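Novice: Sharing a structure here in C-alpha cells format.
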Amino acid sequence: MFKILQKTIRTGLVTTAYPAAAAQIPGSFRGAPAFDFEQWPDAGPAAEVCPTEAISIRDGLDSRTVIVDYGRCVYCGLCAGQGVRMTQEFELAARDRGSLVLTAEYELNPDGTQGALKTVRRGEADADTVGQTVRNQIHKLLGRSLSIREVDAGSCNGCELEIIALNNPIYDIERFGIHFVASPRHADMLLVTGPVTRNMELALVKTWRATPEPKVVVAVGACGVSGGIFGQSYASLGGVDQVVPVDVYIPGCPPRPQALLHGILLAVGRLGERLRTTLAAPASSPG
C-alpha cells in the first residue's frame, strides 16, 4: 500500500485540463476532413470512394450540388486530395442534425465537369458556449450531479471504449459532477451508441420511457448519428433519432473522449432548457 502511495505522489497530476485548456492531441490522430470548396476541382472521385455516402453529388442541367454530411463521416481519409484535407478537429457535436451538413452549389460545365462555386450553406449552428464553469452549471440546473445511462443499441464497441476512457484518471469526467449510473430510472441523460438494431429497438424505447423527465438523449458516433457504415437494412434501423428523440449529436468513428465531453457539455445546455420548461408548466389538476 505504501509503495502504491509513493508511486501516486511521484506520478503527480495526469488529468487533462480540457475543456478549460486546449486538448492535447497526438500527431497521429485523424479528425474530421476540411473542404476547400473553392479549390475543389471535382467532388466526383471523393464521392465515389466514400464508404458511407458522407459525400454525395446531385447534377442538374447546369448546376451541381455537393452535399457533405459530417454525421455520416467515419474519418477514413479516403477522400483526402485536391480540395480535401484531414484535420485534427473533433469538436463537432451539434444540437441540430442539419448543422452537420454542408451544401455547396457549383456551375456545371457542358462537358460535365465541376465549374465555379456559387454558394456554400451550412445548417444553423449552435450559438451556445460550452465547457465553462461546468460543475456550477450542472448543479444550478439540477441541484445535484448529472447522471448518465449509456445504452449500446448495436455498436461495434469502438464508442464504448472511448466512453470508458471518460472515467480514467486522464479524462476523469467525475470532476465535473458527471457520473454514470446503472439504471435509466436514476439518469438525467441517455448516451446511446451504435445503429439501432431491430433487436434493440424495443429495449431502447423502454429505456427512454423509464428515464424520468427532464431527460436528454445524446447520439454517439457516426452510427448513432446516421447509421454510419451499417446504414439502414433488414437488421438496422439507422440513427438513434429513428427510434427516440435526440437532443445532441456527436459525430466520429469513434469520437475521442474530448469530443464526447464536448457533446455532453453541449447537452447540459439543452437539459437546462428542458428543466426550465418543466418547472414553468402549470401543474395538472388532481383527479
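Novice: Once you put a point 7 Å from the Cα of Ala22 and another 7 Å from the Cα of Ala182, both along the Cβ direction, what distance in nm separates them?
Specialist: For the pair Ala22/Ala182, the computed spacing is 4.3 nm.
Novice: Express in % the proportion of alpha carbon pairs of the chain at distances exceeding 36 Å.
Specialist: In whole percent, the long-distance tail amounts to 24.
Novice: Here is a further query. Can you compute the modelled spin-label distance between Lys3 and Tyr234, with each label point 7 Å from Cα toward Cβ, in nm?
Specialist: With each label point 7 Å from Cα toward Cβ, the separation is 5.7 nm.
Novice: When ligands, DNA and RNA are left out and all protein chains stay put, how many square angstrom of accessible area per residue does the chain have with a 1.4 Å probe?
Specialist: Here the per-residue accessible area is 52 Å².
Novice: First compute the accessible area of the chain with a 1.4 Å probe, then give the percent of it belonging to carbon and sulfur atoms.
Specialist: Carbon plus sulfur share of accessible area: 53 percent.
Novice: In nm, to one decimal, how far is the modelled label at Leu61 from the one at Glu38, with both set 7 Å along Cα→Cβ?
Specialist: 3.0 nm
Novice: In whole Å, what three semi-axes, largest first, describe the equivalent ellipsoid of segment 182-277 built from its Cα gyration tensor (square root of 5 times each eigenvalue)?
Specialist: Ellipsoid half-lengths, sorted descending, are 21, 17, 10 Å.
Novice: Where in segment 1-36 does the amide nitrogen come within less than 19 Å of the point 7 Å from the Cα of Arg122, taken along Cα to Cβ?
Specialist: 23, 31-36
Novice: A further question follows. Based on the alpha-carbon gyration tensor of segment 25-76, what equivalent-ellipsoid semi-axes (square roots of 5 times the eigenvalues) come out, in whole Å, largest first?
Specialist: Those come to 24, 12, 9 Å.
The values are calculated or read from the model by the stated rules, or taken from the named source; none is laboratory data. This structure is a prediction, so every number in the text was calculated from the model and none was measured. FYI the Cβ positions are ideal-geometry reconstructions off the backbone, even for glycines, and counts take in every protein chain you see. For accessibility, only protein heavy atoms count, side chains too; no ligands or nucleic acids. Shrake-Rupley method; radii C 1.70, N 1.55, O 1.52, S 1.80 Å.
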